[in-house]
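Peer 1: Below is a structure I'd like to ask you about.
The values are calculated or read from the model by the stated rules, or taken from the named source; none is laboratory data. These numbers come from a predicted model, not from an experiment. Reconstructed Cβ throughout: ideal geometry from the backbone, glycine too, with neighbour counts over all protein chains shown.
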Amino acid sequence: MNQKSNPNIEAFQNDVVSNGGYQYTTNAPLSSQMANERLTKATIDSANFIGANLIDIGCGDGTYTFELLSRGNAKSVVGIDPATDAINQANKKTGLRNATFIPASAYDLPYPNQTFDFAILRGVLHHLEFPEKAIKEALRVSKEIIVIEPNGFNPVLKLIEKNSSYHKAHDEKSYTSWKLFQWVRAGNGKVENFSFVGLVPFFSPNWMAKICKLFEPMVESFPILRRICCAVCVFKAKSYHESKTQVKDVA
């Protein structure tokens, strides 16, 4: 399966060419900064990355890939993405850091089984034509996966997806955690823990972002409320033969 057949790849390529990076990373508005910071914290809190070898699937321009090294204290990270302009942009920023970026498809990763300690899929599945194939391939090349995806239970998000020109151009479609977990099981994996986090919408006005940020901790603390209102679902899963634990909500 060739991931480049996905029509929204061109939209991301255009973002890099016109903006010097993705719209939510380069010259990002306050709301995107707040939202992404919450996702980064959730990613770092989801597992112990110290000394680990990681693969960041759908790394984009590398902005958050580098944070796995600087804030997660990972040993090394490989970033892959089908958008070649984004990969070129990431390679320009690598410097002396132990990061490698290559153009590749999430459906066909050029690595043997269990090469990495963790595979990170941050905000990539909802752009793919076949997200279940990407999950299966991530479980193949790594011992554990961390998935961060828009919360498909959130009704406001569903409205944004249908009406936002950005969301439509980038072919965004959110999934419920139930559907994501089903794909993990089909890919010979098992979810260990999950949580719903974040309240600030990307590309929202500053006043709205500040209000949402104020109420974010409260919303995240109530089980029913967070399932409906939070922006993303974050979970960790292992290959089936290595996971014997029961799924639990740690939010």
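Peer 1: Would you tally the residues in region 201-230 being closer than 21 Å to Ser174 by Cβ, of a type outside the set (Phe, Trp, Tyr) and surrounded by fewer than 16 Cβ atoms within 10 Å (Cβ to Cβ)?
Peer 2: Adding up the residues that qualify gives 5.
Peer 1: Hey, another quick one. Tell me which residues, restricted to region 48-57, are part of a loop (DSSP other than H, G, I, E, B) and touching a strand residue (DSSP E or B) at 6+ places or on another chain (Cβ under 6 Å). Outline the logic, then answer.
Peer 2: Keep residues of region 48-57 that are part of a loop (DSSP other than H, G, I, E, B), which gives 48-52.
Hit for region 48-57 is Ala52, nothing else.
Peer 1: For region 172-214: of the residues being under 15 Å from the mean Cα position of the chain (by Cα) and under 20 Å from Ala28 (Cα atoms), which is modelled with the highest pLDDT?
Peer 2: Only one residue tops the list, namely Gly198.
Peer 1: May I ask you to list the residues in region 48-65 that are surrounded by fewer than 21 Cβ atoms within 10 Å (Cβ to Cβ) and modelled with pLDDT of 95 or more? Walk me through how you get there before you give the answer.
Peer 2: First, the residues of region 48-65 that are surrounded by fewer than 21 Cβ atoms within 10 Å (Cβ to Cβ): 48, 50-53, 63.
Hits for region 48-65 are Asn48, Ile50, Gly51, Ala52, Asn53.
Peer 1: Residues being of a type in the set (Val, Ile, Thr) and buried (at least 19 other Cβ atoms within 10 Å of the Cβ): count how many of those fall in region 112-127.
Peer 2: Going residue by residue through region 112-127, those that are of a type in the set (Val, Ile, Thr) are 115, 120, 124.
From the residues that got through so far, the ones that are buried (at least 19 other Cβ atoms within 10 Å of the Cβ) too are 120, 124.
Qualifying residue count, region 112-127: 2.
Peer 1: Further question on the same structure: All but one of (1) farther than 25 Å from Lys133 by Cβ; (2) touching a Lys or Arg at 6+ places or on another chain (Cβ under 8 Å); (3) part of a helix (DSSP H, G or I) hold for Trp183; state the number of the condition that does not hold.
Peer 2: Going through (1) farther than 25 Å from Lys133 by Cβ; (2) touching a Lys or Arg at 6+ places or on another chain (Cβ under 8 Å); (3) part of a helix (DSSP H, G or I) one by one, Trp183 breaks only (1).
Peer 1: Additional query: Can you find even one residue in region 12-30 that is closer than 16 Å to Phe202 by Cβ, over 13 Å from the mean Cα position of the chain (by Cα) and at pLDDT 90 or above?
Peer 2: For region 12-30, residues closer than 16 Å to Phe202 by Cβ, over 13 Å from the mean Cα position of the chain (by Cα) and at pLDDT 90 or above: present.
Peer 1: I'd like to check something: does region 146-162 contain any residue that is crowded, with 17+ Cβ neighbours inside 10 Å, closer than 20 Å to Asp56 by Cα, modelled with pLDDT of 95 or more and among the charged types (D, E, K, R)?
Peer 2: yes
Peer 1: Inside region 60-170, counting only strands (runs of 3 or more DSSP E) that do not spill past its ends, which hold 1 or more residues that are under 25 Å from Phe203 (Cα atoms) and not basic (Lys, Arg)?
Peer 2: Where strands (runs of 3 or more DSSP E) fall fully within region 60-170 and carry at least 1 residues being under 25 Å from Phe203 (Cα atoms) and not basic (Lys, Arg), they are 76-81, 116-122, 142-150.
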